[in-house]
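Just so it is clear, none of the values below were taken in a lab; they were calculated from the coordinates. The model shown is predicted, which means the values in this text are computed figures rather than measured ones. As a convention, Cβ positions derive from the backbone with ideal geometry for all residues, glycine included, and neighbour counts pool all protein chains shown.
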Amino acid sequence: MMVLVQSLALGLCVFVIGYFLIPIGRHWIAGMLGKAPLSNGTESSTDMIQVTLVAVALDDTISLFLDEAVAWLTKKKKKFEVVVVGNENSNLGDGFAVSKAINSSRGECILLMNSNGGISIESLELLTPHLEQMKTKSGYGIAIGSRAHKLYTTQSLISTLQLWAVHTFCDHHLYDIQSGCVLMTKSTAQKLFSNLHLVGDSFMAEIIFKANKYGWPVVELAVPFADQLPRSPIDILDAIRDILTMRLCFALGIWS
């Protein structure tokens with residue numbers, strides 16, 4: 001009986017250690033695959049915005065979002081480029097795919113959005129003036145479209161736990177960084193994504209953590225959002241794991 005208990009305890013320890021090593025392994029594999037070269041500064045346009053669309057699923061929602069985004073941006077007479085990214089090729093996660101798109105961006109502002117249609121492209125009008133007002137003289141800053149004003153009353157206990165993890169371990173002033181609606185300047189994005197460690201779906205946790213580390217302003221703004229399919233408990237637990245692993249790696253000097 002004692003041997004069985006010891007075997008189970010050892011197996012559990014191995015599982016927990018392996019589970020928390022997953023983000024580190026993904027970062028190592030991403031480093032082996034390499035990064036996209038930074039775009040040439042002469043290609044940039046001061047009035048262009050890049051909309052980086054993270055493909056949540058390969059279905060009709062992508063074309064619906066693209067039609068809406070292109071129509072609205074054209075109506076507003078904005079100069080733009082739209083880049084659709086996903087993790088199908090590397091299976092490393094959205095962070096790896098997004099970093100590739102950002103490193104080759106020509107726009108001076110970058111809007112990260114999910115293709116699930118939860119938040120409209122029109123939220124750009126809410127985020128832009130706040131970003132312009134609070135960014136540093138060197139052009140660094142992040143504006144996040146947030147659902148936190150409703151999530152606490154509509155989501156499950158485990159989703160609330162994720163919001164708590166973000167608030168506790170990433171930024172004491174923020175709660176919702178996984179809304180799929182984030183606006184930042186190109187200089188901010190390229191600096192933060194150039195050495196991304198959390199290449200999985202929780203990459204925004206590291207982006208916000210490093211922005212605070214550099215002393216750059218980050219603002220969370222309430223935006224309208226439609227009902228979305230709830231995330232699975234496994235996905236949420238993975239996000240919490242990634243946040244805890246990130247903080248430990250930075251604290252121990254494993255990541256910098």
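A few notes on this one:
- FRET efficiency estimate (nearest 0.05) - Cβ-Cβ, Ala226 to Lys77, R0 22 angstrom: 0.25
- Distance between modelled label sites at Ser194 and Phe169, nm, 7 Å Cα→Cβ extension: 2.7 nm
- Summed residue charge, Cβ within 15 Å of Ser256's Cβ, Lys/Arg positive, Asp/Glu negative: +3
- Residues Trp72, Trp164, Trp216, Trp255, sorted so that the one with the fewest Cβ neighbours within 10 Å comes first: Trp164, Trp72, Trp255, Trp216
- The simple spin-label model puts a point 7 Å past each Cα toward its Cβ; for Leu21 and Leu161 those points are separated by 2.4 nm.
- The ranking of Ser105, Ser187, Ser202 by Cβ neighbour count inside 10 Å, starting from the fewest, reads Ser187, Ser105, Ser202.
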